[in-house]
1. Please enumerate the residues belonging to the range 70-86 that are under 18 Å from ARG11 (Cα atoms) and either at pLDDT 85 or above or open to solvent by 60 Å² or more (accessible area, probe 1.4 Å) (or both).
2. For the subset of the range 87-109 comprising residues that are of a type in the set (Gly, Ala, Ser) and farther than 29 Å from ILE58 by Cβ, which member is surrounded by the fewest Cβ atoms within 10 Å (Cβ to Cβ)?
3. Select, from ALA112, ALA134, ALA67, the only residue that is open to solvent by less than 40 Å² (accessible area, probe 1.4 Å), under 30 Å from ASP13 (Cβ atoms) and under 19 Å from the mean Cα position of the chain (by Cα).
4. Restricting to the range 37-64, give me the number of residues that are open to solvent by less than 80 Å² (accessible area, probe 1.4 Å), among the hydrophobic types (A, V, I, L, M, F, W, C) and either under 24 Å from TRP106 (Cβ atoms) or modelled with pLDDT of 90 or more (or both).
5. Could you pull out the residue among ALA126, ALA73, ALA67 that is without any contact (Cβ under 8 Å) to a residue 60 or more places away in the chain, among the small types (Gly, Ala, Ser) and more than 19 Å from VAL25 (Cβ to Cβ)?
6. Check whether at least one residue in the range 5-24 is charged (D, E, K, R), farther than 20 Å from THR93 by Cβ and part of a loop (DSSP other than H, G, I, E, B), and report yes or no.
7. Please specify each residue of the range 63-105 satisfying the condition of being charged (D, E, K, R) and at positive phi.
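The values are calculated or read from the model by the stated rules, or taken from the named source; none is laboratory data. All values reported here derive from a predicted model rather than from experimental measurement. Every residue, glycine among them, receives a Cβ derived from its backbone with ideal geometry; neighbour counts consider all protein chains shown. What goes into the accessible areas is simple: the full protein's heavy atoms, side chains included, and nothing from ligands, DNA or RNA. Shrake-Rupley method; radii C 1.70, N 1.55, O 1.52, S 1.80 Å.
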Amino acid sequence: MADRDETPDERFDRNWNELLQELRVAQTGVQILFAFLLTLPFNQRWTAVSDTQKATYIATLVCTAIATLCLIAPVSHHRILFRRGRKKELVATSSNLAGVGLFFLWLSIVGAVFLIFEVVVGMSWAIGVAAVLAAAFIGIWYILPIMRR
């Protein structure tokens with residue numbers, strides 16, 4: 001890998017800006033999913049869901065809340081650490097939070113799809129589609145980039 005002609009501060013600024021671009025994409029997705037999940041219990045059909053479906057919903061909602069927490073946390077960290085010469089720590093911590101947030105976003109999306117398929121077409125389809133989707137996420141989000149390292 002060719003080194004860039006940049007100072008450590010310039011590198012941290014570039015890394016921060018790249019991380020922010022990534023977070024913008026993830027934050028939009030998690031916020032839309034979170035809003036969808038927050039409205040479900042107020043739907044007229046909600047009283048007809050099984051205890052298993054309610055447990056799936058609660059687990060998915062909690063995963064989405066954790067994803068939201070982690071993906072938006074770098075904004076709060078930046079506000080608190082702004083102009084304090086802590087960019088290196090900010091980038092490292094925010095990168096870790098983004099990784100955790102993406103993991104919980106992955107769980108949230110699979111959980112939401114599982115729940116919808118279970119309600120609409122039944123448990124067998126829900127398990128099958130969720131398993132394929134989980135494998136696709138693992139392959140595309142994790143294995144593919146690791147292989148390209």
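1. Those that are under 18 Å from ARG11 (Cα atoms) and either at pLDDT 85 or above or open to solvent by 60 Å² or more (accessible area, probe 1.4 Å) (or both): PRO74, PHE82, ARG83, ARG84, GLY85, ARG86.
2. Filtering the range 87-109 for residues of a type in the set (Gly, Ala, Ser) gives 92, 94-95, 98-99, 101, 108.
Still in the running and farther than 29 Å from ILE58 by Cβ: 92, 95.
Values: ALA92: 12, SER95: 15.
Restricting to residues being of a type in the set (Gly, Ala, Ser) and farther than 29 Å from ILE58 by Cβ, the top hit is ALA92.
3. On the way: ALA112 fails: under 30 Å from ASP13 (Cβ atoms); ALA134 fails: under 30 Å from ASP13 (Cβ atoms).
Only one candidate passes the filter, namely ALA67.
4. So the count comes out to 8.
5. Values: ALA73 fails: more than 19 Å from VAL25 (Cβ to Cβ); ALA67 fails: more than 19 Å from VAL25 (Cβ to Cβ).
So the residue among ALA126, ALA73, ALA67 that is without any contact (Cβ under 8 Å) to a residue 60 or more places away in the chain, among the small types (Gly, Ala, Ser) and more than 19 Å from VAL25 (Cβ to Cβ) is ALA126.
6. Looking only at the range 5-24, we keep the residues that are charged (D, E, K, R), and these are 5-6, 9-11, 13-14, 18, 22, 24.
Cutting the leftovers down to farther than 20 Å from THR93 by Cβ gives us 5-6.
Checking which are part of a loop (DSSP other than H, G, I, E, B) leaves us with 5-6.
Yes, some residue in the range 5-24 is charged (D, E, K, R), farther than 20 Å from THR93 by Cβ and part of a loop (DSSP other than H, G, I, E, B).
7. First, the residues of the range 63-105 that are charged (D, E, K, R): 79, 83-84, 86-89.
If the condition is that a residue be charged (D, E, K, R) and at positive phi, then ARG83 is the only one that fits.
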